[in-house]
Amino acid sequence: MTTQAKSYPAIHTPPPGPKAQALIAEDKKYASNCYIKAYPLAVERGDGAMIEDVDGNRYLDFMSGIGVATTGHSHPKVVEAIQRAAAKFLHICGTDFFYASLTGVLRKLCEIAPGKSPKRAFLGNTGTEAVEAAIKLARYHTKRPQLIAFAGAFHGRTLGALSLTASKAKQRTGFGPLLPGVTHIPYAHCYRCPYNLTYPSCGLACLQVLEDEIFKRRVPAEEVAAIVVEPIQGEGGYVVPPPDYLSELKTICQKYGILCVADEVQSGIGRTGRWFASDHVGLEPDVVTTAKGLASGLPLGAIVARADVSTWSKGSHGSTFGGNPVACEAALATLELVEHELMGNAARLGHYLMIELHRIKQRRRLVGDVRGLGLMIGIELVRDRDTKERASNETQEVILRAFRKGLLLLDCGENVVRFSPPLTIDQEDADRALAIFDEVLAEVENERAL
């Protein structure tokens, strides 16, 4: 592993510097109480994988706005597309009229969605909106009321999506009653199997519970409209299920006429080295949701459904701002960059990072598990590898120390550090991130005598 000099990371003033402190103080006067901040980062500008704060500190971005900055920050081709579109018109309501960029995005999404069946797409603004649309379409198409989701799932914060979410109790507390008819079952988290079994001898017990328990005793299968699943759990800890898990789930769905909805809001648009995480295992969902990296930071979300499932009638769903023309042009530029340059880069550098992170695991006791696909990688930190006691406080300390050294990271789950950089990173970025991460792991281990 070699590390060369770049203009970032470069910390000149210990963050938060004086300008950042002033901005943070003003923000506290006016921001809603529900906002949370991972650490005191006050952004001035971004360029590729670099973020510069208001005091001139430069950081290596390995969070990419929770997987949003697919093409890096302010990619010239995306900026050019946005400027060109903004000079034409800013809004016309894409659900009521026609324009080329809207149709272009719809067409491209239908072409790249998993599976060969004909597709239909609908554009909204966010991942949460996409999940809401998927819920509505599933109920409309099947005429069934019930939904099944998974422990650890994150699907958004509006009321329907929140009802599927089961990541943190705090996200649901105080907002009930939520959407009725939602049942949660365990996810295929092999590192922390809820049944204390081992794959593959477990026989995918976490799925068998559907037929052995849920459909027999709690929810009749003929009343279930959809099973909503993240092919890789995001906020639940970047959990990658066994290779046959999703295909078996689809088999159960087909057996009972249940729609399989794949939430690829975080795992889609090239992040895993393919268009969608579903593509790695040959899954064709009945409905797939996407957003985040779709338009390189501009608000755009979508559902793509099999044409024979997209049976809702005209006017039964819509969006005033969904498919905004500027966001659509950004999406077209993003999709072109991902297809021809960045998806392959995500696969190559993701593979490299996984190898190096496993090497770090061999020498750092804090690392219990390393998992992921492409540039969607989770590193689970534990206080003891035998008991798998969660290193929750240590995880936050690692992230904070990385920030102070110029590496931007986020957690997912209670004790998992996520590597989710822009798909534009290069070898030097990867090596620098690994070096800083290894360094802060060593510091936390030594100071906490782990």
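The values are calculated or read from the model by the stated rules, or taken from the named source; none is laboratory data. Bear in mind that the values here come from a model prediction, so they are computed numbers and not experimental data. Cβ: placed from backbone, ideal geometry, glycine included. Neighbour counts: every protein chain shown. Protein only, heavy atoms only, side chains kept; ligands, DNA and RNA dropped before computing areas. Shrake-Rupley method; radii C 1.70, N 1.55, O 1.52, S 1.80 Å.
The table for this structure:
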quantity	calculated
K28-L178 pseudo-label distance in nm [points 7 Å out on the Cα-to-Cβ vector]	3.2
Top of I399, I258, I11 by mean-square fluctuation, Gaussian network on the chain, Cα under 10 Å	I11
Calculated over region 36-122: convex hull of Cα atoms, volume per residue (Å³)	171
Expected-Rg normalisation [2.2 N^0.38 Å, Cα atoms] applied to the chain	0.97
Per residue convex hull volume, Cα atoms of region 295-450, in Å³	170
Under 5 Å, built H, 5+ apart or other chain: amide partners of T183	L147, I148, A149
Spin-label model distance (nm) - N446 vs H358, 7 Å beyond Cα toward Cβ	2.8
Ordering of 372-379, 106-113 by packing [mean C-beta count within 10 Å, highest first]	372-379, 106-113
Projected area, mean over directions - region 1-160, Cα convex hull, nm²	15.6
Under-5 Å amide H pairs with V382, H placed in peptide plane, nonlocal only	V367, G368, A391
Within the accessible area of region 278-413 (1.4 Å probe), percent carbon and sulfur	46
Span-rule helices in the chain, defined as complete DSSP H runs reaching 24 Å or more along the axis (Cα) with Kyte mean at least -1.0	343-363, 427-447
Spread of Cα-to-Cα distances over 5 Å intervals beginning at zero, given as percent, for region 103-211	2, 10, 15, 17, 17, 17, 13, 7, 2, 0
Total formal charge among the other residues, if their Cβ is under 12 angstrom from that of E443, Lys/Arg +1 and Asp/Glu -1	-1
Rg ratio (alpha-carbon, reference 2.2 N^0.38 Å) - region 264-355	1.21
Angstrom value of the Kirkwood radius, inverse mean 1/r, which spans all Cα pairs in region 186-240	12.5
Lys/Arg +1, Asp/Glu -1 at C-beta; region 336-450 dipole; positive extreme among L408, L353, V382	V382
About the Cα centre, charge dipole magnitude for the chain (Lys/Arg +1, Asp/Glu -1 at Cβ), debye	740
Cα→Cβ-extended label distance, 7 Å offset, between K19 and N196, nm	5.6
Average Cα contact separation per residue, region 202-340, under 8 Å, 6 or more apart, as relative contact order %	18
The chain - percent relative contact order, Cα under 8 Å, separation 6 or more	23
Per residue accessible area of the chain, 1.4 Å probe, in Å²	43
Calculated diffusion of region 201-295, Stokes-Einstein form, Kirkwood radius summed over Cα pairs, 37 °C and 0.692 mPa s, µm²/s	234
Highest-fluctuation residue, G268, G104, G315 considered, GNM on the chain with Cα pairs under 10 Å	G315
Orphan Cys of the chain, criterion: no other Cys C-beta under 4.7 Å	C34, C93, C110, C190, C193, C202, C206, C328, C412
Residue of N57, N33, N125 that the Gaussian network model of the chain assigns the largest fluctuation, springs spanning Cα pairs under 10 Å	N33
Efficiency of FRET from Cβ geometry, V281 and E211, R₀ 22 Å, rounded to 0.05	0.60
Efficiency of FRET between D384 and D47 - r from beta-carbon atoms, R0 35 angstrom, step 0.05	0.25
Unit charges on C-beta of K, R, D, E only; dipole of region 313-440, Debye	420
For S267, residues with placed amide H under 5 Å, excluding near neighbours	none
Per residue convex hull volume, Cα atoms of region 261-300, in Å³	54
